[in-house]
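Read through the structure below, which is laid out as structure tokens, and then see the notes.
Each value in this text was obtained by applying a stated rule to the coordinates, not by laboratory testing. Model, not experiment: these values are computed from the prediction.
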Amino acid sequence: MEIRTDSVTPMGEGLRRYADRLRLLTEVNQALDRTMSLDELLELILDRAFEHFGPEEAAIFLRTEDGGYERAAGRSVGGTNPEILFSTSLMEQVVEGRQAALVLDAQTDERFQEAMSLLDAGVRSLVAAPLLDPDGALGLIVLGSRMTVRQFEEEDMELLVSLASVAAMRIRNVHLAEEAEERRVLEHEVALAREIQVSLLPDTLPEVEGWEIVAGNIPSRGVSGDFFKVELRHDESEIVLMLSDVSGKGIGASLLTASLEALAAGPIHDGVAPEDIFSSVSHLLFERTPPEKYATSFIATVEPETGLLSYCNAGHNPALLLSTDGESEWLESTGMPLGILAEGEFTAGERTMGVGDTLILYTDGITEPENPEEEEYGQDRLGEVCVNNRSEPISELMEAIEEDLYQFVRGVPFLDDRTLVLIRRLEK
């Protein structure tokens, strides 16, 4: 029986193309079936593109965070630049149109009349396919060649679409893996920063006859730079209270907090006056930290026997001094934040705390939380709560502040730590 070869040629060609496509996808899947970085993945995709298509130039363009596209990988033979494959019109057709493109001759194609670098390099035949995922186009892969080398055909475009489909899936998986790793690293950093911060907070508060002290720090989901210190000087002549909030978040803020604590510890222990403590600490912070690193801080010394209060406020939230007669006073800033200037000037203020008077220190994590209407809790509301609860035991006063704050935000997450330090003079 005679078999006519021309009758089976189309089927044979179709089977060959199918076999080529299947072989390419199988090779790509096998090659990509391992953990790798994005750069490694893109280079492997280019390997397969050169092996199966034989272009002179190949480039992969990926979407950037600002919505544009940039070349993430490229390769060429003969010293040409794969950057020349970029064309705005091609990008619009392939990425925005979410469809492959075949250009038989860029030199005569109207879409490329302004792509001078591409035309000057002699690139004529192009084939491109979008890298699609469920959220849109991740980018595109472009192959280029001169007609003297080869001209791309419909078959090449179909095969490149198949390669791009597998590549897009793998690129998305790599992105997801990288995002997961970034979250893991961030969570580790937050945990480490929190550990540093907690280690700096006092385990116990001094017990001084005739005085009651309460303090607390409620962490947010992130890590800020809140820090407080309450200490009875070694000769028991003064109680020292210091509350600070350093700039920044995360591990950097925690390390700056640790530096601040270390710099202040010696002068506090040695009986140095508040204004001199701040002057020394500010100078050292300025010398040892970048310009964007600084701290707001409030420091106060209280003589247990007389109730004499000396304080300095370095750009911090004003402390509230509550009197038993219902009067209240905000102790405003007396100097710049620590670390802003090489030679900062700080002046001390003095008051006398009578029996029943209360001093309230806090950070902006108390006054800046917002409600669903994006209104801040604010200093005025804090003052009202304190005045209305001034006759309550000091621990209950602190609870009243926190409870009112929760009622105000109505479920809006707190973005910053909330720190309070309260001291009250009692009857002996």
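Starting from the Cα coordinates of the stretch 201-425, work out the convex hull volume and express it per residue in Å³.
Spread over its residues, the Cα hull of the stretch 201-425 gives 112 Å³ apiece.
Could you compute Rg(Cα) / (2.2 N^0.38 Å) for the stretch 333-420, with N its residue count?
Values: Rg = 15.8 Å, N = 88, 2.2 N^0.38 = 12.1 Å.
Ratio of Cα Rg to 2.2 N^0.38 Å: 1.31.
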Q. Setting aside same-chain residues fewer than 8 positions from LYS293, which lysines have a Cα under 30 Å from its Cα?
A. LYS229, LYS249
Q: For the stretch 156-210, count the residues as N, evaluate 2.2 N^0.38 Å, and divide the Cα radius of gyration by that value, please.
A: 2.50
Q. For the chain, what is the convex hull volume of the alpha-carbon atoms per residue, in Å³?
A. 214 Å³
